Structure formats: C-alpha cells, structure tokens
Amino acid sequence: MNLHMSVLSKGLFRHIYRIVVSKRLYTLLSFVYSYVIEELTSDGATVRPSKHAKNNKFTILILSSKAFRKDIECVVATNEFRVLRLPDHWQSRLIYQFYPEGFQKFWVDTNPDHPDYKYKKNQKEIREFLHVFLAKLYKRISIDCVISPHHRYVVDRDWGAVSTKMGIPHIMLPRDSQFASSPFLLDSSMHLFKNGLPKFEGEHIIIQSELDKQVYTDTGYVKPEKISSLGCPRMDGFVKRIKENKYNSVNRRKKVVFMPFGWPAKYFEESDLFSYICDVHLFFVHFALRYPEIDVVIKPKPKQPGSPRKTVLLKPLKGSSIEIEKIPNLTIRDDLDLHDLFFETDVVCGLNTSALLEAAVIGLPIIIPYFKDVQNQKYDKRLFYRDAYDLFDIAKDVNELESVVTYRLHNSAIDEEIMEKRRALFEKFVSSLKGDATEKYVALIKSVVDKESKREC
C-alpha cells in the first residue's frame, strides 16, 4: 500500500512539475530551486543559503556535483568562496523537460555545431527558458559563477552558456585528464573534441596537465587564452603526506594492493583480452590462498559498472571450490581510500591508471602485468605511460608476476635515479609536487569572476 502511494505521489509530482515548466511559471520555479539549493560548508556539512554571501565572498554554483572528484572539496575547504550545490536530480529534471532523457552526452551524431543537429529546436527553447528562469533564480540567490565537471554533459552546457551570456561566467573543471597517457587515448580524444563536441561557450577551463591542452586548443574546442593547466587540487594533501613521510611500515602485515582493470570492448567477455584480464585478476585470489600471511586488497573504482567481482572473478571461479568471501586475507572493496591504502602497503599492481603514478611517487614498487597478450602494437598503443615502463617492474606472465610480487614484498627499495624520473612523470601527467594546485585554482577563479564583474560595471 505504501509503495503504491509512493508511486502515485511521484507520478503526481512529475505531472505538476511538467505543468509548471510548460506554463512558464518562472517565479514559482525559481522559488522552488532557491529552496533546494544547498550551501557547502568547509567542514563538509550543508546549510540553507542566504541571498548573499557573507564577507563579500564570491558565490560558486556547482553543476553535476556528483561527477566531481575531491577537487571541488579542496576548493570548498579553503573557505575562500561561498559554494552552493544544485542536487543533480533537480538539474536533470529541468533539462529533460526539453531534451529526451536518453540524450546524456555529446557525440559525433549529436554535436550541436553540426548543421544537421537534430535538437536545434530543443536547444532554442531551453535557452529561451533558462534566460528568464536563471535571471529570477539569481535574484533570489546571488551567484557569481557556475562550475561544471565535464565537457560532454548535456545537462551542463545550456545552463553554463546562458549564465555566461548573463554575466555569470561558466568555469569548467574537467574531472577527466590523462589524454596524452597513451597514443590511442590521445587520438580518440582528438577525434571526440574535433567532431563530437560543441565549442565551449563558457568563460574558462582549468585542466590538470599541460599535455592535455593540445586536445582542447588544437581541435578548436576552446581558445588558448580561455584554458589554464594548474595541476590537481586533490593531490595537494597527498603531496603533503609524502613530504611528511607518512608511510607506515611498522608492526603490520605485508600487504599487496591490486587495482582491477577492464578493457574497452562492446562485449567484454568476447574481447580477445578477456582471458588475460581474468588471469591477472584471479592471480590475486590464488596468491591470497597461497600466502595467508600476506594481506591482498583488490580495490576497484567506486561504483564501476561491471565490477571485477562479477565479471572477472565469479565467472572463472564458477564450478570451483573457491569462495572468495571466505578467504580471510583477501579484501575486495571499492570504498577504500586509495591514498590511505598506498601509505600502508608494500607492493602495488595495476594497469592504465594514474593511480600507479601516485603510488610510484611515494616510492612503492609498481608491477605492470605486461603479458604476451598485450605485447603487440594493436594493444601497446592503448597502454598508459608505455614509454616509462623502465620505471616499474614488468611481469610477462603469471609465474613472473608471482616471482616479482614475492621479491618486492621484501626488497622494496627504489633507486634514487628512478625516483627522480618518477617524480618528473608525476608532475608531467598529474600535478606539481609543490602541492599548490588548490591555491592556483582559487586565484584563477577569483580572477575570472572579478574580470567579469568589472566588465558588467
């Protein structure tokens, strides 16, 4: 009965919401949205925002807040801005009154810059709507800029473009980076930015790596003067921990951390690398069984579709007597903090993730499972940091993987010459080891907003 009433209530709400939007009841809608917007405090709590920020702080409105990593939290923690968050479902609920709900990300066949763009009418309607709606909303709650996390999100583009035209600059802080980490990824990124994305209509983009700039600028996605590479704010605290030598190796069991990986394929199990991926993942299950005195942690990405527990562990184990849940020294969790893990582990293994550089710069042994299956040009071009494999330990098959892991558990020292090259690689792809990225982000955001404020005056 309660479930039935809940369904009816949700259906009624959606019906009323559609009427409010279709009838262009801007005042009512702006009142509702001013009520659901949350203010983030420096201690991680949320409060109801007032109309204006205290102490003449600039006010940031975050779009698609769930897609951000910890970078935005670093900016909030500085207490240099008033930071507001629009819950994602309220943002998407409005946008998809104009677009079909299946239209989530821009691609070649849905690029608004193409003459045959099929949602031109939708775009015109939503921008006309947003121009009036946002003017009323920003009168209720003073906003100085809007920030979004991704170049492909449909829900952010029109909101950011209209805000910018109104004198409220849209600043993008892309969560995706590492375009230059492999030739394949660089080529595919160039293709996407050139053919699948509409030109940036905001005020500024802040990216992590100087290497990524060519993707944004050479493709014409954004003008060079509207993009800056300033590092990665969420790495500032990590860099500080390295400098403070927070590594913990006293009175604890030996530990190996494995970061699972998949491979781009429409049908994962039909990929010719499926057996290789299974072999690597299952190795750590068998390793935990053979070495009960060593802790093994398998750390998937949070909420990753098709987790390794389901796609790469359970299927090969089907019909065997192994029950991974009953292996006491094996942990499979996606909610663990990776940096915390790194500071209490002895060996790290993985493929195609910037996390390897993070572990490497600490001074940990890094093992790459470079098996025969991926040792050809077809796949070699997909491998991150392939030209820097001499900075890591390479295992060419399962037997060699076991030998290297067991050796490194007791011989973890990394040559200083190698460490210098690792630090350079980290700074090249991830962030400065000065730990000043957050400071730079704050300064640039203030500069962009201040420039726009003076222009309006």
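Regarding TYR441, is this residue at pLDDT 95 or above, under 30 Å from GLU244 (Cα atoms), among the aromatic types (Phe, Trp, Tyr) and in the same structural domain as GLY202 (by TED's automatic domain parsing)? Yes. Return the total of residues in region 444-457 being outside any helix (DSSP H, G or I) and modelled with pLDDT of 95 or more. Matching residues across region 444-457 total 0. Criterion applied to ASP393, ASP387 was being loosely packed, with under 14 Cβ neighbours inside 10 Å and over 23 Å from PRO174 (Cβ atoms), and the one residue passing it is ASP387.
When the helices (runs of 4 or more DSSP H) confined to region 331-425 are screened for residues that are closer than 25 Å to ASP272 by Cα and either assigned by TED's automatic domain parsing to the domain that holds LEU289 or of a type in the set (S, T, N, Q) (or both), those reaching at least 1 such residues are found at 355-362, 377-380, 398-410.
Of the residues contained in region 413-421, one or more are found to be at pLDDT 95 or above, crowded, with 17+ Cβ neighbours inside 10 Å and more than 27 Å from the chain's Cα centre (by Cα). Please tell me if THR59 is under 28 Å from the mean Cα position of the chain (by Cα) and surrounded by fewer than 18 Cβ atoms within 10 Å (Cβ to Cβ). Here the answer is no, as THR59 does not meet what is asked.
The values are calculated or read from the model by the stated rules, or taken from the named source; none is laboratory data. It should be emphasised that the depicted structure is a prediction, and the values quoted were computed from it without experimental measurement. Glycine gets a Cβ as well: all are built from the backbone with ideal geometry, and neighbour counts include every protein chain shown.
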